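Please read the structure below before turning to the comments.
The values are calculated or read from the model by the stated rules, or taken from the named source; none is laboratory data. All values reported here derive from a predicted model rather than from experimental measurement. We place every Cβ from the backbone using ideal geometry, glycine too, and count neighbours over all the protein chains shown. Remember, those area values only see protein heavy atoms, side chains included, never the ligands or the DNA or RNA. Shrake-Rupley method; radii C 1.70, N 1.55, O 1.52, S 1.80 Å.
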Amino acid sequence: MYDFAVIGAGINGTFMAHFLTKAGKRVLLMDRFGIASGGSGAAGAFLAPKVGKGGDLKMIVNEAYRFCIDYYTANFPHLLTQKGLLHLPKDHQDALENFPVFKERSEIPFEPFDNELVELLQDPVLAKEGIYFPDSGLIEPDRLCEALAESADFVCEALTKLDYKEDHYRINEAFSAKEVVLATGAFESALELPYMQLRPIWGERIEVLSSTQTLCNYHQNLSISATKPDGRIVIGATHKQHSFYEPLEAHNAEALLDKAKSLAVLEDTQIVDHRGGVRSGSYDYLPILGRVVDHEKSLDKFPDLQKGAKVNPKEFCYYPNISIINGVGGRGFVLAPYLAKMLTRMLVEGEPVDSRLEQHRLFTRWAKKKGNYTKPLDKKTAKDNG
């Protein structure tokens, strides 16, 4: 009998397995394709704060950024390339109108940067208006997920059956666990949850060899890494909304490299790796964390939710002993350690998760929409969060 079964072995699932086993729990980790087989394995895995004027997502990402930098530095320094990040304005108007506000409101310390960092850029004048975060870096995604999964019992198979009997779950008629954590990303979970409203986001990244030595990470509309110890430069990633899969074609890799070259001078380049995978984002751009609402029982109990009635979420019906971690989009390697630690504390110590992230917000909107009482997410809120 396992204490927990974690379904999905991407960055969310492997961090859940990591923290739960550190808390003394026996953990089964299950994934149909393998560890870091989806979007996590194809991620650029850049560690960057969110630059913006405000909003819940900015606050949460930057709290997570501080946590992940400390955690990776203390526990996985051999997988971390930490050479700082220069975040660039999109254009000169962005530099003039927005970046002074971004700098004024940044919760993350930034520093002046040496002119040497901008010499490789196509527009060094624009680059000098950027924000330099000295603690930023990138992590090795595959090796990190594999290291996180080491303390759990990993099974490479799809979840085909999940039955709750008395006080535990029977999984594929072969395993038993007291609790289940869904970390399935954009793929189907074991439950039909029509209110989840996840956005699949297909992304591709490349790695190149170059005679150019990049001295830090650069971000504008894409990210270019500092040259890693093995000589490779990571470039990524694309963001194709509402797509589960795109063929990994050579012209896409070349297009990504051309886009990188429009940002920085990269000479004598050779593409040595090209990967793709699907990420999962929520429609309000915030991560999804906590207990899973049983939508059918909750609607039966509170039918007036479809008429806009307000109900204390504590009164909703929840699936017994099932929780979720999802919706991290393209910021998984920043958000996952912070969210997994928070969810572990809820499961092991009974501490509540951040109310802004709880899944019941999605259920409430969905219920109102069924009754045609919901209003679409206003543009200001979507802009602040995204």
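Surface composition of the stretch 89-199: carbon plus sulfur atoms contribute 45% of the solvent-accessible area (1.4 Å probe, protein chains only, all chains present). Each peptide in 221-230, 140-149 was scored by the mean count of other Cβ atoms within 10 Å over its residues; highest first, the order is 140-149, 221-230. Basic side chains Lys and Arg get +1 at the Cβ, acidic Asp and Glu get -1 at the Cβ, and with that the dipole of the chain about its Cα centre reaches some 1420 debye. Among Cys317, Cys68, the order of accessible area from largest down is Cys317, Cys68, computed with a 1.4 Å probe on protein heavy atoms. Quick check on the stretch 74-197: what does the Kirkwood estimate of hydrodynamic radius come out to from the alpha carbon pairs, in Å? Evaluated over the stretch 74-197, this radius sits at 19.5 Å. What the pair-distance distribution of the stretch 152-308 shows, using all Cα-Cα distances binned every 10 Å from zero, is 8, 26, 24, 20, 14, 6, 1 percent. Each Lys or Arg adds one and each Asp or Glu subtracts one; over the other residues with Cβ under 11 Å from the Cβ of Asp304, this totals +4.
The Glu192 and Glu97 beta-carbon pair, evaluated with R₀ = 56 Å, returns a calculated FRET efficiency of approximately 0.80. Values of log10 I(q)/I(0) for the stretch 177-229 across q = 0.18, 0.30 Å⁻¹ run -0.76, -1.30, by the Debye formula with one identical scatterer at each alpha carbon and no solvent.
FRET efficiency for the pair Glu249 and Asp163, taken as 1/(1 + (r/R0)^6) with r the Cβ-Cβ distance and R0 = 56 Å, rounds to 0.85. Once the 1.4 Å probe is applied to the protein heavy atoms, the chain comes out at 46 Å² accessible per residue. Anything over 23 Å Cα to Cα? Flag those among Lys50/Lys341; Lys25/Lys165; Lys178/Lys370; Lys310/Lys341; Lys103/Lys341, in the order listed. Exceeds cut-off: Lys178/Lys370; Lys310/Lys341; Lys103/Lys341. The C-alpha atoms of the chain define a longest principal axis, and helix 11-22 lies at about 70 degrees to it.
Extension gain for Arg199-Lys297 works out to 32.7 nm (0.36 nm per residue, less the C-alpha to C-alpha distance). Shape summary of the stretch 132-204, radius of gyration then Dmax from alpha carbon positions: 16.9, 55 Å. For a straight C-alpha distance cut-off of 16 angstrom, the aspartates and glutamates reachable from Lys161 (same-chain residues fewer than eight places away being disregarded) are Asp31, Glu173, Glu179, Glu188, Glu192.
For the stretch 249-290, with all protein chains in place and a probe radius of 1.4 Å, 44% of the accessible heavy-atom surface sits on carbon or sulfur. The simple spin-label model puts a point 7 Å past each Cα toward its Cβ; for Asp258 and Asp153 those points are separated by 5.2 nm. The Cα atoms of the stretch 63-123 define a convex hull whose projected area, averaged across directions, is 5.6 nm². Where both bridge residues fall in the chain, DSSP classifies roughly 70% of the beta bridges as antiparallel. To the nearest ten degrees, helix 332-349 and the longest principal axis of the Cα atoms of the chain are 30 degrees apart.
Centroid-to-centroid, using Cα positions, the stretch 156-200 and the stretch 277-324 are 16 Å apart. Between Asp230 and Lys128, the C-beta separation translates, for a Förster distance of 25 Å, into a calculated FRET efficiency of about 0.25. Per-residue extension of 0.36 nm, minus the Cα-Cα distance of Tyr71 and Glu116, leaves a gain of 13.3 nm for this segment. Would you work out which of Leu286, Phe302, Tyr318 lies farthest towards the positive end of the dipole of the stretch 267-320, given +1 charges on the beta-carbon of Lys and Arg and -1 on that of Asp and Glu, about the Cα centre? It is Phe302, whose Cα lies furthest towards the positive end. Rolling a 1.4 Å probe across all protein chains gives Tyr283 an accessible area of roughly 110 Å².
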